[in-house]
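Trainee: Quick one: structure below, then a few questions.
The values are calculated or read from the model by the stated rules, or taken from the named source; none is laboratory data. The model shown is predicted, which means the values in this text are computed figures rather than measured ones. Cβ placement follows ideal geometry from the backbone for every residue including glycine, while neighbour counts extend to all protein chains displayed. In case anyone asks, the SASA skips ligands and DNA or RNA and just uses the protein heavy atoms, side chains included. Shrake-Rupley method; radii C 1.70, N 1.55, O 1.52, S 1.80 Å.
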Amino acid sequence: MAANINSRRNLSGEEKRRFAAAVVVASLLKARKDKGRSKRSCWKRSWIEKRAQFSQFSNILPELRDKDAHSYRRYMRMTHDQFVNILRLVSPMIQKKNTHFREALPADVKLAITLRFLATGDAFRDLQFAFSVPHNSISGFIPEVCDAIYQCLKEHHLKVPNSPAEWNSIADNFHSRWNFPQCIGAMDGKHVLLRCPLKSGSYFYNYKGTFSIVLLALVDAQYKFIYVDVGKNGRVSDGGVFKDSSLDTTLEEGLNLPPTNESHLPYVIVGDKAEKIPHEHRRRSLI
């Protein structure tokens with residue numbers, strides 16, 4: 001300590017001024033840093049602690065489930081039995097363990113919030129008041145629940161038909177429901193809006209003047225997805241999205257369609273004028 005003081009006494013006048021300025025700047029930076037730190041007013045807000053008393057999941061949904069099944073389905077976009085079945089599948093993947101500080105959020109609450117978000121697109125800050133769950137928690141678990149749903153259901157509900165019998169069933173449904181023979185799917189694209197990613201320029205900028213990624217889908221006669229390609233940047237046209245999709249490759253290789261019936265009409269995929277199927281596919285009529 002004494003040696004340090006003696007060394008400061010040996011400093012020149014200019015060096016002393018620089019040293020003093022450095023001390024002042026360091027003190028100001030520390031004060032600004034301490035000021036910017038917001039102290040946590042409470043570990044958990046009181047209305048969140050009373051989730052069982054205030055949330056829609058604990059109050060409205062049980063009432064709808066027991067007395068108004070139609071309204072329950074409109075709210076959750078599925079029946080209660082379907083909800084329970086999905087919950088059984090995804091619970092092992094989304095349920096966390098309790099800690100000494102707090103109890104983990106139940107898997108059924110996570111699933112209900114995720115389904116409500118997918119059905120309505122409500123902001124996380126709106127959902128937090130409806131379900132008494134903090135918005136930062138909601139933003140964290142919704143991607144996890146969506147991934148769990150996909151992993152559990154993809155093999156049974158997002159399966160592309162690969163046998164003549166499956167394609168023939170789809171064609172029969174189009175004929176009976178829409179009076180359109182030999183149709184094996186309806187195709188369309190959807191721009192999913194997003195905030196412009198950093199340093200992406202016009203890569204995601206689409207013709208509508210927004211930023212997006214493109215969802216290309218093929219559905220059956222009951223609007224059920226039988227093929228999905230998502231993630232292409234919005235700048236690409238619908239025709240370009242189709243050309244870069246695995247469906248284009250599958251058409252090149254063949255769809256394993258059943259032989260044409262006595263009408264000798266070819267199997268077709270319908271879409272609007274934006275969905276331009278390459279000429280070689282149209283010439284082969286998908287068979």
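Trainee: Testing Met78 on (1) open to solvent by 30 Å² or more (accessible area, probe 1.4 Å); (2) outside any helix (DSSP H, G or I), one condition comes back false. Which one is that?
Mentor: Of the numbered conditions (1) open to solvent by 30 Å² or more (accessible area, probe 1.4 Å); (2) outside any helix (DSSP H, G or I), the odd one out for Met78 is (1).
Trainee: Quick one: is His156 open to solvent by less than 30 Å² (accessible area, probe 1.4 Å) and not in a loop (DSSP other than H, G, I, E, B)?
Mentor: No: the conditions fail for His156.
Trainee: Look at region 1-49 and say how many of its residues are open to solvent by 100 Å² or more (accessible area, probe 1.4 Å), within 30 Å of Pro134 (Cα to Cα) and either modelled with pLDDT under 70 or outside any loop (DSSP other than H, G, I, E, B) (or both).
Mentor: Qualifying residue count for the region: 10.
Trainee: Any residue in region 204-220 that is β-branched (Val, Ile, Thr) and open to solvent by 60 Å² or more (accessible area, probe 1.4 Å)?
Mentor: Within region 204-220, none of the residues are β-branched (Val, Ile, Thr) and open to solvent by 60 Å² or more (accessible area, probe 1.4 Å).
Trainee: Tally time: how many residues in region 228-276 are surrounded by fewer than 14 Cβ atoms within 10 Å (Cβ to Cβ), of a type in the set (Ser, Thr, Tyr) and closer than 20 Å to Leu158 by Cβ?
Mentor: Summing the residues that are surrounded by fewer than 14 Cβ atoms within 10 Å (Cβ to Cβ), of a type in the set (Ser, Thr, Tyr) and closer than 20 Å to Leu158 by Cβ in region 228-276 gives 2.
Trainee: Assuming Asp122 fulfils every condition listed in (1) acidic (Asp, Glu); (2) farther than 30 Å from Ser237 by Cα; (3) assigned to a loop (DSSP other than H, G, I, E, B) apart from one, which condition is it?
Mentor: (2)
Trainee: So how many residues does region 81-112 have that are out of contact with any helix residue (DSSP H, G or I) (no Cβ under 6 Å at 6 or more places or on another chain), of a type in the set (S, T, N, Q) and part of a helix (DSSP H, G or I)?
Mentor: 2
Trainee: Here is a check on your reading of the model: is Ala165 among the aliphatic types (A, V, I, L, M), more than 19 Å from the chain's Cα centre (by Cα) and in a helix (DSSP H, G or I)?
Mentor: Here the answer is yes, as Ala165 does meet what is asked.
Trainee: Something else: Quick check on Thr120: is it within 23 Å of Cys152 (Cα to Cα), under 24 Å from the mean Cα position of the chain (by Cα) and modelled with pLDDT under 95?
Mentor: yes
Trainee: Give me a count of the residues in region 90-107 that are surrounded by 14 or more Cβ atoms within 10 Å (Cβ to Cβ) and closer than 19 Å to Tyr150 by Cα.
Mentor: Residues meeting the conditions: 6.
Trainee: Can you tell which of Phe129, Phe117, Phe57 is in contact with a Phe, Trp or Tyr (Cβ under 6 Å, 6 or more places away or on another chain) and either not in a helix (DSSP H, G or I) or not assigned by the TED database to the domain that holds Asp229 (or both)?
Mentor: Residue meeting the stated conditions: Phe57.
Trainee: Could I ask something else about it? Under 6 Å between Cβ atoms, at least 6 apart or on separate chains: pull out the pairs that start in region 194-206 with a residue that is without any contact (Cβ under 8 Å) to a residue 60 or more places away in the chain and end on any residue that is open to solvent by less than 40 Å² (accessible area, probe 1.4 Å).
Mentor: What qualifies is Tyr203/Asn233; Phe204/Asn233; Phe204/Gly234; Asn206/His191; Asn206/Ser212; Asn206/Gly234.
Trainee: If you don't mind, another one. Name every residue in region 100-124 that is closer than 16 Å to Ser137 by Cα and of a type in the set (S, T, N, Q), in order of residue number.
Mentor: Thr114
Trainee: List every residue pair whose Cβ atoms lie under 7 Å apart, where the two residues are 6 or more positions apart in sequence or sit on different chains, the first residue falls within region 164-181 and is under 11 Å from Asp220 (Cα atoms), and the second residue, located anywhere, is open to solvent by 60 Å² or more (accessible area, probe 1.4 Å).
Mentor: Close Cβ pairs satisfying both conditions: Asn173/Gln222; Phe174/Phe180.
Trainee: Does Lys190 fit the bill of being within 30 Å of Leu265 (Cβ to Cβ), under 27 Å from the mean Cα position of the chain (by Cα) and open to solvent by 60 Å² or more (accessible area, probe 1.4 Å)?
Mentor: Considered against the rule, which asks whether it is within 30 Å of Leu265 (Cβ to Cβ), under 27 Å from the mean Cα position of the chain (by Cα) and open to solvent by 60 Å² or more (accessible area, probe 1.4 Å), Lys190 comes out as yes.
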